[in-house]
Structures are given as structure tokens and as C-alpha cells.
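> Quick one: this structure, given as C-alpha cells, is what I'll be asking you about.
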Amino acid sequence: MRVTQRRPGFANPSRFLPMTIMPSLPNSSRLALRLSCLALFCSASAVFAQKFEGLALTPPMGWNTWNTFAGNINETLIKQTADVLVTSGMRDAGYVYLVIDDTWSRKERDAAGNLVPDPVKFPGGLKALGDYLHAKGLKFGIYSCAGDKTCGGYPGSWGHEFQDALSFASWGVDYLKYDWCNRGTADARDAYKRMRDALYAAGRPVVFSLCEWGQNKPWEWAGEMGHLWRTSGDIYDSYDGRKAWEMGWKRILDLQYDLVPSIGADGINKFAGPGHWNDPDMLEVGRGGLTLAESRAHFSLWCMIAAPLMAGNDVRTMTPAVRAILTDKDVLALDQDPLGKQGYRVLAEESHQIEIWVKELSNKEWAVCVLNTGRTAADLTVEWSRLSFVLQGVYDLRDLWAKQAAGDTSKPYTARVEAHDVVLFRLTPRP
Ligand code: GLA
């Protein structure tokens with residue numbers, strides 16, 4: 001006897017119609033019915049394969065363990081940090097995602113293949129910790145990796161995506177950073193798509209942060225997978241890197257411009273927008289390797305390029321000056337502007353140690369950031385007429401860090417700017 005194997009699934013959607021209906025219908029109606037079945041079938045499959053929409057209409061903000069603490073993490077640190085995010089005003093300024101990065105799990109999965117939180121670091125377990133964060137008005141972020149091991153050598157989610165997504169959902173996870181170490185020959189799109197689908201199937205809305213370091217041009221495809229994607233390697237707390245292989249924030253900033261070698265608004269910035277952001281990596285604001293001016297400039301420029309803002313300093317011991325930078329409402333408003341445009345560089349003149357970055361805002365306003373790239377203070381002049389390809393007419397100027405009006409764009413503006421510091425303006429068109 002010949003046995004033909006039936007294909008599982010929904011290969012022919014119209015076969016689900018009652019047999020009695022189809023033969024009694026004229027040909028044209030049959031076709032219409034088949035087509036609507038197909039449409040239903042397609043939209044049903046789409047439901048099973050998408051990211052959660054509407055979760056990151058402006059760049060996500062929060063705090064992440066990695067930059068300061070790396071593997072030295074535990075429940076006490078997380079709870080103390082959560083408390084300070086609230087008392088310092090950071091939560092209310094928008095830093096709501098507290099993300100536990102690499103090294104949080106045991107080195108082995110349990111007998112059923114589940115990830116297990118390290119019982120020494122997190123004796124109360126992650127569900128209780130998630131509850132603690134939620135009770136503080138924060139959201140819970142965690143880290144895993146598309147490879148079979150994380151970058152730190154802990155179990156990765158390769159082959160366990162759906163199982164791990166269920167664990168995350170059961171702990172109340174709201175944000176997943178998903179790394180790219182030890183992935184063998186995996187295809188990046190497939191690997192990230194699989195975790196996206198797993199998160200969706202688990203049913204708990206999760207902001208999905210792709211940490212693929214820009215290796216496969218994620219800006220071209222990751223908008224369908226997640227809400228933000230790293231564009232480069234890891235950031236370090238310096239201006240231009242202390243060692244040859246280290247990337248300080250200025251080198252990473254340059255990369256945002258150089259990755260897609262085209263001019264101005266047609267660079268990598270065009271791939272960012274509400275719900276999908278380029279991620280130039282976390283903030284080093286307030287960390288030891290930066291002067292206060294460098295922290296201020298780094299923060300200003302990350303806001304200019306609509307970067308996700310993940311603080312990485314020890315907020316328990318930060319100075320009032322660092323807190324003031326991180327929570328500055330005027331500057332944060334540039335990053336969080338609802339139009340969601342990523343800014344870009346319009347001028348770089350090494351001989352004059354000046355760079356100018358612009359960002360389009362809602363209501364026809366603009367932000368302009370002037371960076372002193374030199375190692376010494378300098379008088380920097382902005383000739384507004386040179387920006388006439390984006391600015392039309394005359395604008396009133398507000399100096400956002402000095403908190404004062406600064407005239408208008410009808411004549412050049414000159415300011416004394418410290419080494420690696422910025423002047424940051426909001427421009428409002430004259431009626
Ligand atoms: C990679 C990521 C970092 C951090 C570490 C953890 O290097 O890019 O941001 O998550 O892994 O091991």
C-alpha cells in the first residue's frame with residue numbers, strides 16, 4: 001500500500017471551508033472566497049511573527065550593569081540602584097529600564113534545560129527582583145545571547161529561544177538585550193528573528209535590543225526584528241580611546257556618521273525613527289575616564305543622534321553635577337522629541353577644532369550642537385548662513401546648558417568652549 005504523507009499546518013487554507021459550501025458556489029465566488037481565506041491566513045501568520053509594536057516610540061532610557069560592574073552584580077546592587085533611580089529623579093526623567101547584563105545566571109542550565117539565576121548573586125530569584133522593580137515604577141531588563149554561550153561564557157539562548165523567552169516572561173522581564181558572541185555560522189537575521197518570534201509567542205511585551213555590533217548592517221533589516229540595534233563595538237569611558245583597540249565615545253560618534261558613507265541626512269540616521277533606533281552603545285556619563293565637560297558633550301551628542309540612553313555609572317555615588325547632566329530636561333527633550341529624527345554632522349573642521357551637528361525637531365524647531373574637538377579651550381563661531389540648507393528664515397536661540405536666551409540666527413554666534421565640551425542650542429523659528 002502506498003502511503004502519502006500529508007503536510008502538516010495550513011498549506012491550503014481553503015480546505016477548511018465546509019465541503020458543502022464550495023461546490024455550490026459559482027466560480028467567481030469560489031475565487032473570492034479562496035482569496036479572502038488566503039488573506040486571513042496571511043494576517044494570522046503575521047500575528048505569529050512580529051515584534052511588539054508601540055513600545056519604543058522614543059529612544060528607550062534606563063540603566064545597565066555592564067559598564068561599571070561587569071560580573072560584579074547581585075541583588076543588593078540592583079535594589080540599591082533601583083532605589084536611587086527613584087530618589088535621584090532619574091526614573092521620573094525617563095530612565096525606567098533597569099537592565100541586568102551578562103553573568104546573571106548559573107554556568108549550566110538545569111536538567112530541563114532552563115536558565116537558572118545564580119543563587120549566590122540573586123538568592124531571592126528573578127521573579128521577586130522583577131516585582132521589586134515594578135513596585136518602584138521601573139521596568140525589568142535582562143541579557144542573553146544568540147550564541148550557545150554569552151560573551152562572558154554563560155549559557156546563551158541558541159536552540160533554547162522559546163524556552164528562555166517563557167522564563168523571561170515568567171520573571172516579568174520587559175526588555176531583552178541580545179548579544180552576538182559564540183554564534184558559530186548562524187545567520188544574524190535568522191538568529192534575531194527566532195528570538196523575536198519567541199518573545200512574541202511568550203506573550204509578554206518586551207523591548208528587544210539587538211546587540212550585533214553593526215556587523216551585518218542591522219540598520220537595513222533590524223527594524224522588523226526589534227526596537228534598537230547596536231551599530232558598533234563596545235564603548236569605553238574615554239573621549240577617543242586610551243588604547244588602540246578601545247573606542248571612546250568620539251570614535252563611536254564618528255562611526256555613526258561614517259558607517260553609511262553619504263552626506264548628512266542620507267547617512268545611517270535615515271534608518272532610525274519611532275519604534276526603531278540606531279544604538280551607538282550605552283552612556284559613559286559620570287565614569288572615571290571622562291572629564292565633566294566630556295560627559296556633558298557625550299550626553300549632548302547622544303541626545304542629538306536620538307540614541308537609546310542607558311546610563312552605566314554607579315548612580316549610588318554620582319556627584320550632583322553628573323546627576324544634573326543625566327536628568328537635564330531640556331537636553332533629554334531633544335533625544336525624546338516625538339518626531340524621532342536622528343541628527344547628523346554637517347560640518348567638521350579639524351583646523352578650527354569644530355564640529356557642528358544638527359537634529360530636526362517637531363514644530364519646525366531644530367537642535368544644533370557645536371563640539372570643540374581640540375584639547376584646548378577655543379572661541380568657536382557658528383555662521384548660521386552655512387546651515388541655510390536646513391534652516392529657513394531666522395530662529396531664536398536658546399543655550400540649553402547655560403539655560404538662557406542667546407540671540408538669534410541673523411548673525412554669527414561666537415562662544416568660548418572648553419576642550420571636548422559643547423554649546424547646545426534649541427532653535428525656534430520666528431513667526
Ligand atoms: C558584549 C556587549 C556588551 C556587554 C558584554 C557582556 O561585549 O557588546 O555591551 O553586554 O558583551 O559580556
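> Could the peptides 157-167, 213-223, 418-428 be put in order, highest first, of the mean number of other beta-carbon atoms found within 10 Å of their residues?
On the way: 157-167: 20.1, 213-223: 18.5, 418-428: 22.2.
Put in order of decreasing packing, that is 418-428, 157-167, 213-223.
> Keeping all protein chains in place, calculate the accessible area per residue for segment 273-334 (probe 1.4 angstrom), answer in Å².
Per-residue accessible area for segment 273-334 comes out at 26 Å².
> Sticking with this structure for a sec: If amide hydrogens are placed 1.01 Å from N in the peptide plane, which non-local residues have theirs closer than 5 Å to the one on L339?
Excluding prolines and chain starts, which carry no amide H, the hits are S362.
> Excluding residues fewer than 8 places away in the same chain, name every one of the lysines whose C-alpha is closer than 16 Å to that of K177.
Those lysines meeting the cut-off are K51, K139, K149, K193.
> Same structure again: Have a look at T291, T103, T76 and tell me which one the Gaussian network model of the chain (Cα, springs below 10 Å) gives the largest fluctuation.
T76
> Using a Gaussian network model on the chain with a 10 Å cutoff between Cα atoms, which of K243, K79, K193 fluctuates the most?
K243
> Same structure, new question: Carbon and sulfur atoms: what percent of the 1.4 Å accessible area of the chain do they account for?
Details: 10440 of 19250 Å².
Solvent-exposed carbon and sulfur of the chain make up 54 percent of the total.
> In addition: For segment 263-309 and segment 344-392, what is the separation of their C-alpha centers, rounded to whole Å?
16 Å
> Please report Rg (one decimal) and Dmax (integer) in Å for the Cα set of the chain.
24.9, 91
> Which ³J(HN,Hα) values, rounded to whole Hz and listed in residue order, are derived for segment 69-85 from phi using the Karplus coefficients 6.51, -1.76 and 1.60 in 6.51 cos²θ - 1.76 cosθ + 1.60 with θ = phi - 60°, glycine and proline given as x?
10, 6, x, 8, 10, 6, 4, 4, 4, 5, 5, 5, 5, 4, 4, 6, 4
> Can you work out the accessible area per residue across segment 173-271, with the rest of the protein chains kept in place, probe 1.4 Å, in square angstrom? Don't jump to the answer; show the numbers that get you there.
Numbers: 3920 Å² over 99 residues.
Per residue, segment 173-271 has an accessible area of 40 Å².
> Work out from phi, with θ = phi - 60° and the Karplus expression 6.51 cos²θ - 1.76 cosθ + 1.60, the ³J(HN,Hα) of each residue of segment 225-237, listed in order in whole Hz, and give x for Gly and Pro.
Once θ is set to phi - 60°, the couplings for segment 225-237 become 8, x, 9, 7, 9, 5, 9, 7, x, 6, 7, 10, 8 Hz.
> Quick check for you: with a 1.4 Å probe and neighbouring chains kept, what is the accessible area per residue of segment 352-431, in Å²?
Per residue, segment 352-431 has 48 Å² of solvent-accessible surface.
> So what J values fall out for segment 153-159 if you push phi through Karplus, 6.51 cos²θ - 1.76 cosθ + 1.60 with θ = phi - 60°, rounded to Hz, Gly and Pro as x?
Values, residue by residue: x, 8, x, x, 9, 3, x Hz.
> On to the next question. Compute the signed sum of charges (Lys and Arg +1, Asp and Glu -1) over the other residues within less than 13 Å, Cβ to Cβ, of Q404.
0
> Which residue, G125, G312, G156, has the most motion in a Gaussian network model of the chain that connects Cα atoms within less than 10 Å?
Ranking G125, G312, G156 by mean-square fluctuation puts G125 first.
> If amide hydrogens are placed 1.01 Å from N in the peptide plane, which non-local residues have theirs closer than 5 Å to the one on D118?
S105, R106
> Follow-up. Find out how many positive minus negative residues lie around R204, taking Lys and Arg as positive, Asp and Glu as negative, among other residues whose Cβ is under 15 Å from that of R204.
Counting the neighbours of R204, the net charge comes to -2.
> Using the alpha-carbon centroid of each, what span in Å lies between segment 93-142 and segment 217-244?
24 Å
> Distance in nm between label sites at T428 and F162, each 7 Å beyond Cα in the beta-carbon direction?
5.5 nm
> Which lysines does K250 reach when only Cα atoms under 19 Å apart count, and residues fewer than 8 places away in its own chain are ignored?
The reachable lysines, counting only those whose Cα sits under 19 Å from K250, are K359.
The values are calculated or read from the model by the stated rules, or taken from the named source; none is laboratory data. What you see is a predicted model; the values in this text were computed from it and never measured. As a convention, Cβ positions derive from the backbone with ideal geometry for all residues, glycine included, and neighbour counts pool all protein chains shown. We work out accessible area using only protein heavy atoms, side chains counted, and drop any ligands, DNA or RNA first. Shrake-Rupley method; radii C 1.70, N 1.55, O 1.52, S 1.80 Å.
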